[in-house]
Every structure is written in C-alpha cells, then in structure tokens.
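The values are calculated or read from the model by the stated rules, or taken from the named source; none is laboratory data. Not measured: the values here are computed from a predicted model. Counting neighbours? That spans all protein chains shown, and the Cβs are built from the backbone with ideal geometry, glycine included. To get the accessible areas, we keep the full protein, side chains included, count just its heavy atoms, and leave off ligands, DNA and RNA. Shrake-Rupley method; radii C 1.70, N 1.55, O 1.52, S 1.80 Å.
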Amino acid sequence: MTAKILDGNALAKSLRQELRQRVNERINKNLRVPGLAVILVGNDPASEIYVKGKRRDCEEIGYHSNFQHLSSNISQQDLEAHIATLNGDPRIDGILVQSPLPEHIDEGRIIDVIDPGKDVDGFHPFNVGRLVVRRPTIRSCTPKGIMSLLEFTGVNLRGLDATVIGASNHVGRPMGLELLLAGCTVTTAHKFTRDTASRVRSADLVVSAVGKPGLVPGDWIKPGAIVIDVGITRGEDGKLHGDVDFDAAVKRAAWITPVPGGVGPMTRVAMLQNTLAVAEGEFANTLP
Ligand code: GUN
C-alpha cells in the first residue's frame with residue numbers, strides 16, 4: 001500500500017480563496033473587512049518568518065492588519081497594555097501574540113488577558129473550556145486545521161482509535177478534545193507514557209506533535225492508518241523534518257501528511273477562518 005498524500009498547501013490555498021471571496025462579499029455589502037492584530041516580541045528568527053507569512057496571508061485575502069514588533073525587553077505590564085488597547089479596537093477581530101515569548105513574560109497570563117472573543121489562536125481558557133464541554137467556540141488553529149484535513153479524506157472518524165503523541169496546550173490537548181468530539185477513542189501519549197509504540201501500533205489515526213525527528217518509525221504504523229505529522233524540526237542537513245519516518249510510513253498508511261506542506265499551512269488558514277468567523281459575529285452570543 002502507498003498512502004495518499006494529504007496536501008495541506010493545496011487545501012489551504014483553496015480555503016484562502018474561499019475566504020477572499022467572503023471578504024469581497026462583505027465589501028460589496030459595505031461591511032468592514034476582518035481585522036487581525038499580530039504581536040511579535042523579540043527577534044526569534046522562526047517567529048519572524050511565521051509572522052511574515054501571516055502578513056502575506058492578510059494581504060492576499062484582503063484583511064485589515066496591525067502588526068506590532070515589540071522589544072524583547074518589554075515588561076509584562078506594557079505588553080498587557082498593548083493587548084488591552086487591541087481588545088478595545090473595533091477594527092480588530094483577532095489578536096495573536098506570537099509564541100514563544102521571552103522568559104520574563106508570563107505567557108499564560110498574556111493569553112488570559114486577550115478578549116476570548118478575539119482569541120483567534122483559540123488558546124484562551126474560555127475557548128478551550130468550551131471545547132471540553134462540547135460547545136466549541138473559537139477552536140485552536142492546529143487541531144482545527146487537522147480536522148479540515150481529516151474531513152478532506154472523507155473517512156468516518158466515529159469509533160476510530162486515535163493516538164495523539166504530545167500533550168501541549170497548543171496542540172496535543174485540544175487535538176485530543178477535537179477527536180473525542182468527532183467520536184474517536186482517544187489516547188494521549190506524552191513524555192511519561194511507558195509504551196508509546198503499542199499505543200501507536202493499535203491506532204487507526206496517529207497525530208504526532210512532539211518535534212523530534214525519527215520519533216515514530218514506519219513499522220509503528222498500522223496498515224491503512226491515517227498519519228498526521230505536526231512535528232517540524234530543521235535538521236543539520238538544513239531540511240525540515242517531521243516526527244514520523246515518512247519514507248517508511250508512506251508504504252503502510254492510507255493517508256499521510258508531508259513535512260513541510262501538510263499541517264503548517266492548515267494552521268495558518270485556520271487562524272484566518274477564525275478571524276472571519278469573529279468578524280461575522282459567529283460567537284457573539286456565546287461569550288460571557
Ligand atoms: N508560534 C508558533 N505557532 C504559533 C501559533 O499558531 N500561534 C501563536 N500565537 N504562536 C505560535
């Protein structure tokens with residue numbers, strides 16, 4: 001068996017075109033375009049590249065954008081003040097604070113002070129909590145993008161055994177909740193898990209979100225499984241590598257995401273979808 005490739009670049013492109021069209025419809029109705037604010041603190045080179053990509057996306061689909069590049073020395077209080085201003089800005093629907101933040105900044109507290117109705121990353125405890133109680137509002141971007149990829153496969157997820165490797169706040173945990181909501185039987189493997197191999201070997205669906213190349217050897221993959229690789233690590237060869245041994249896994253899986261060009265572009269488009277949904281008032285009656 002050779003797996004079908006889940007092409008995130010192609011799917012994200014068609015979803016961006018859809019967004020562009022919906023923005024044009026708003027313009028034709030004299031409604032304002034969606035607005036996204038992105039705050040980058042410091043000079044992390046990878047973050048600078050990600051933020052540049054977000055700016056390009058906003059230009060392509062016609063969003064108003066407000067990009068702020070702040071000094072790595074900014075105080076917690078001043079960063080919170082920037083967020084408070086954006087919370088009150090009626091042109092801004094979405095606020096994204098690029099992580100990682102400098103060591104002296106309390107990232108959890110930064111997420112807490114973002115208006116949950118503008119939290120287009122879907123990281124705020126309010127939005128995560130809504131997913132827990134099966135009444136989702138703004139959904140975390142990487143899991144949301146992955147759910148779009150899974151929908152594209154046409155595979156019925158109900159009853160599948162799913163193993164998520166990694167239990168981070170941004171990916172692993174909300175991913176497990178999304179799959180639970182979709183009817184999967186979910187296992188979350190993490191750094192204390194005793195036998196990750198057996199949890200992966202029995203899985204119909206594997207999502208690996210660790211950032212460790214070679215973590216998932218091809219022979220762990222159950223024949224016919226769906227394999228989603230969130231890991232993205234630059235190797236000494238200068239190339240980007242996922243967690244999964246792609247060349248071996250592609251011979252066993254039914255569907256597999258490449259790295260790069262699988263999950264990454266879907267995360268970006270999910271954030272743009274969230275921003276439009278906020279602008280359209282989709283969550284207006286759900287907020288406290
Ligand atoms: N850093 C890497 N990916 C992301 C993301 O999706 N959102 C935020 N806020 N920071 C990130």
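Tabulated data
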item	result
Degrees separating the helix 76-87 axis from the principal Cα axis of the chain, which is the longest one	80
Segment 131-181: trypsin sites (Lys or Arg not before Pro) falling in loop per DSSP and having at most 10 other Cβ within 10 Å	Arg134, Arg158
From phi via Karplus (6.51, -1.76, 1.60), per-residue ³J(HN,Hα) for segment 159-165 in Hz, x at Gly/Pro	x, 5, 7, 10, 10, 9, 9
Rg and Dmax [Cα atoms of segment 148-197; Å; Rg one decimal, Dmax integer]	11.4, 34
Nearby lysines by direct alpha-carbon distance to Lys251 (threshold 25 angstrom, same-chain neighbours under 8 apart not counted)	Lys4, Lys212, Lys222, Lys239
Cα pair count fraction exceeding 17 Å, expressed as % - segment 1-78	60
MRE, 222 nm, helices only [DSSP H, n ≥ 4, -39500 (n - 2.57), over the chain, to nearest 500]	-12000 deg cm²/dmol
Carbon plus sulfur fraction of accessible area for segment 131-179, probe 1.4 Å, in percent	45
Neighbourhood charge, 11 Å Cβ-Cβ cut-off, centred on His124 and excluding it, Lys, Arg +1 and Asp, Glu -1	-2
Selection from Pro125, Gln76, Thr196 lying farthest towards where the dipole of the chain points positive, charges on Cβ	Thr196
Charge context of Pro217, other residues only, Cβ under 15 angstrom, K/R +1, D/E -1	0
Whole-Hz ³J(HN,Hα) from phi, Karplus 6.51 cos²θ - 1.76 cosθ + 1.60, for segment 134-147, glycine and proline x	6, 10, x, 10, 7, 9, 4, 5, 5, x, 4, x, 5, 4
Globularity ratio of segment 66-127, using Cα Rg and 2.2 N^0.38 Å	1.04
Under 5 Å, built H, 5+ apart or other chain: amide partners of Ser65	Leu36
Enclosed volume per residue, in Å³, of the convex hull spanned by Cα atoms of segment 180-219	87
Integer Hz, Karplus 6.51/-1.76/1.60 couplings in order for segment 252-266, x for Gly and Pro	10, 6, 8, 9, 8, 8, x, 10, x, x, x, 6, x, x, 6
Radius 10 Å from Cβ of Arg268, net charge of other residues (Lys, Arg +1; Asp, Glu -1)	+2
Cα-Cα P(r), the chain, percent of pairs per 5 Å interval	1, 6, 12, 16, 18, 17, 14, 10, 5, 2, 0, 0
With at most 11 other Cβ atoms within 10 Å, longest stretch of the chain clear of loop GluC sites (Glu not before Pro) (DSSP)	104-235
Cα gyration tensor shape for segment 112-204, rounded if a/c is under 1.5, else prolate or oblate	oblate
Amide H partners (placed H, <5 Å) of Thr185, local residues excluded	Gly159, Leu160, Asp161, Ala162
Val41 long-range amide H proximity, modeled H, under 5 Å	Leu70, Gln98
Loop-located trypsin sites (Lys or Arg not before Pro) in segment 210-262, at most 15 other Cβ atoms within 10 Å (DSSP)	Lys239, Lys251
